[in-house]
Amino acid sequence: MYYGGAYWPLYQDEGAGCSAFALGVLASASLLPAEASVWLRNVDIPMQLVGGEYNLNKRIPFRRILKSKTWYQGEGKPNVDFVNVQTYDPSVLFDWILEMRSRKDFIYIAENLNGVPGLRVDCTSRSLPAEKPYFVKRSEPNLFIDLYRKKLLQHASIPTP
């Protein structure tokens with residue numbers, strides 16, 4: 001398994017970053033709250049902002065990135081005109097946790113663990129889904145993931161002395 005923001009743990013042969021891993025566990029048990037879609041950041045990065053080995057070893061001036069005000073918009077070809085990245089934003093999730101704590105909701109119970117504010121929810125009466133596949137193939141290729149896997153395979157084929 002791999003670690004990084006572009007991965008989703010419920011895609012076959014992938015890993016995840018910390019937030020996606022935690023949310024993937026909840027998703028596999030059908031325990032994600034409806035608000036989880038708000039935590040997801042789904043952006044198309046324009047190829048003119050992607051450099052290095054991902055884009056013909058182009059150098060991208062930092063000023064170009066700073067001057068960019070929008071993500072890629074419109075129709076285009078994935079991994080040619082833009083690279084799609086989906087990742088859960090932990091800061092948005094944390095703000096949601098703080099909001100739920102202030103509501104004094106009967107579903108979510110405010111709790112602190114080592115001084116960190118969190119929520120507790122009782123899901124013991126819910127049963128796990130039986131018929132749903134836990135791992136599915138990624139439907140669209142991702143340049144970042146595909147190139148990383150290619151590099152790993154190249155290194156794996158090099159015999160050790």
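Points to keep in mind about this one:
Let's see how each residue does on (1) in contact with a helix residue (DSSP H, G or I) (Cβ under 8 Å, 6 or more places away or on another chain); (2) touching a residue at least 12 places away in the same chain (Cβ under 8 Å); (3) surrounded by fewer than 12 Cβ atoms within 10 Å (Cβ to Cβ):
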| site | (1), (2), (3) |
| --- | --- |
| VAL43 | no, yes, no |
| PRO46 | no, yes, no |
| ASN55 | yes, no, no |
| LEU66 | no, no, yes |
| LYS69 | no, no, yes |
| GLY76 | no, yes, no |
| ASN84 | no, yes, no |
| VAL92 | yes, yes, no |
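- Filter pass, LEU56 being at positive phi and among the hydrophobic types (A, V, I, L, M, F, W, C): yes
- Among the residues of region 104-161, those that are modelled with pLDDT under 90, part of a loop (DSSP other than H, G, I, E, B) and more than 26 Å from ALA27 (Cα to Cα) comprise SER157, ILE158, PRO159, THR160, PRO161.
- Exactly one residue out of GLU75, GLU99, GLU53 is closer than 30 Å to SER127 by Cβ, more than 21 Å from the chain's Cα centre (by Cα) and at pLDDT 90 or above, and it is GLU99.
- Being over 20 Å from PRO9 (Cβ atoms) and among the hydroxyl-bearing types (Ser, Thr, Tyr) holds for only one residue in SER102, SER37, SER30, and it is SER102.
- Of residues in region 15-41 being in contact (Cβ under 8 Å) with a residue 60 or more places away in the chain and exposed (fewer than 14 other Cβ atoms within 10 Å of the Cβ), the one nearest to PHE82 (Cα to Cα): CYS18
- Boolean, VAL38 is within 20 Å of the chain's Cα centre (by Cα), closer than 29 Å to GLU131 by Cβ and of a type in the set (Val, Ile, Thr): yes
- Flag if TYR108 is touching a helix residue (DSSP H, G or I) at 6+ places or on another chain (Cβ under 7 Å), in contact (Cβ under 8 Å) with a residue 40 or more places away in the chain and either surrounded by 11 or more Cβ atoms within 10 Å (Cβ to Cβ) or small (Gly, Ala, Ser) (or both): no
The values are calculated or read from the model by the stated rules, or taken from the named source; none is laboratory data. Everything quoted here is computed from the prediction, not taken from an experiment. No Cβ is skipped: glycine too gets one built from the backbone with ideal geometry, and neighbour counts run over all protein chains shown.
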